[in-house]
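Reading through the structure tokens given below for one structure.
The values are calculated or read from the model by the stated rules, or taken from the named source; none is laboratory data. Just so it is clear, the structure is predicted and the values come from calculations on it, not from any experiment. As a convention, Cβ positions derive from the backbone with ideal geometry for all residues, glycine included, and neighbour counts pool all protein chains shown. Accessible surface is based on the protein model in full, side chains and every heavy atom, while ligands, DNA and RNA are left aside. Shrake-Rupley method; radii C 1.70, N 1.55, O 1.52, S 1.80 Å.
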Amino acid sequence: MVEKANSARGNGMQFAKNEGQIIDMNNRLRTDILYVGDGGGLKAYLTKTGVSYVIVKAEGKKEAPQKYMERLKKGEGSQKPENDNRNIKGHRIDMDFVGCNQDISIIHSEKVEGYLNYYLAHCPNGITGVASYNRVIYKDVYPNIDVVYYGGKENGLKYDIVIRPGGNPNDIKIQYRGADGIEIRNEELKIKSSLKEITENLPRVYQNIDKKIVEVKAKYMLDNISEEEATLHFSLPTYNPSFPLVIDPWLTYYGGSDIDYCNDIAVDTSGNVGVTGIIQSLNFP
């Protein structure tokens, strides 16, 4: 059981520090996982070298909450929703920074109000007072290159790669493993899983030079492509190396726990996303 206390958590992803609540399927502690991001229908496990994304989908029907409450008021049937024998499926995709620094320093900030208490089989006495944060910064993942993971109201995980003066963009190589297919389509990175398709939108790349935002055109590039793996890097034009350069991808997927169809998707100049299609999920973002 996970208990939230005095929490003002929103729908965006937030990162809970791993204080021993995370175990694997063999009940072994996963000390390699540093934070767990949860929000927007996606779980993200932050490790020293990257992120593991876990997508979960429930197959089968569950009684609608309104029908369930009406039945309870009438004193009919069981005290639990009917047909709640859904099959839960999951798919994990790993994203790792190739050749990154193994001795990084981590800074978390923007603490979420309240805390989490975990009462699980391996910790029946509870792991309590676990703090969550909206922002986690990995310093010097590569020399003079930081990675900033952050949440908020957006659906999915956002992260920035910040190249400080002296950093080399060519050092950045991101390996994806466990996908059912990886490709670049319409300048976006498409990562297929058995349950959903994850999209990394074309990254916004920019510099703040003397309080003026200068946009830099960038492209995704893929190397070492196989059936389940690929290595990503960025194609960047010349930029001013005396100022930090920010690479701002946005990783997300759409859909809830039921059957949803996306017919089209578009992003406007302000970064707002519009989706058209048909949904059956009550928890569609």
**Complete:** Scanning region 205-236 for residues that are open to solvent by 80 Å² or more (accessible area, probe 1.4 Å) and among the charged types (D, E, K, R), the one farthest from Pro165 (Cα to Cα) turns out to be Glu227
**Message:** For the structure I just gave you, tell me whether Lys192 is surrounded by fewer than 18 Cβ atoms within 10 Å (Cβ to Cβ) and either within 24 Å of Arg135 (Cα to Cα) or within 17 Å of the chain's Cα centre (by Cα) (or both).
**Reply:** yes
**Prompt:** Can we say Lys48 is at pLDDT 85 or above and among the basic types (Lys, Arg)?
**Reply:** yes
**Message:** Quick check on Asp103: is it at pLDDT 90 or above and acidic (Asp, Glu)?
**Reply:** no
**Complete:** Scanning region 237-246 for residues that are without any contact (Cβ under 8 Å) to a residue 60 or more places away in the chain and not polar (S, T, N, Q), the one surrounded by the fewest Cβ atoms within 10 Å (Cβ to Cβ) turns out to be Pro237
**Item:** Every pair of residues 6+ apart whose Cβ atoms lie under 8 Å, when the first sits in region 106-131 and is over 15 Å from Asp38 (Cα atoms) while the second is modelled with pLDDT of 90 or more and assigned to a loop (DSSP other than H, G, I, E, B)
**Value:** Leu120/Gln21; Cys123/Gly20; Cys123/Gln21; Ile127/Glu19; Ile127/Gly20; Ile127/Gln21
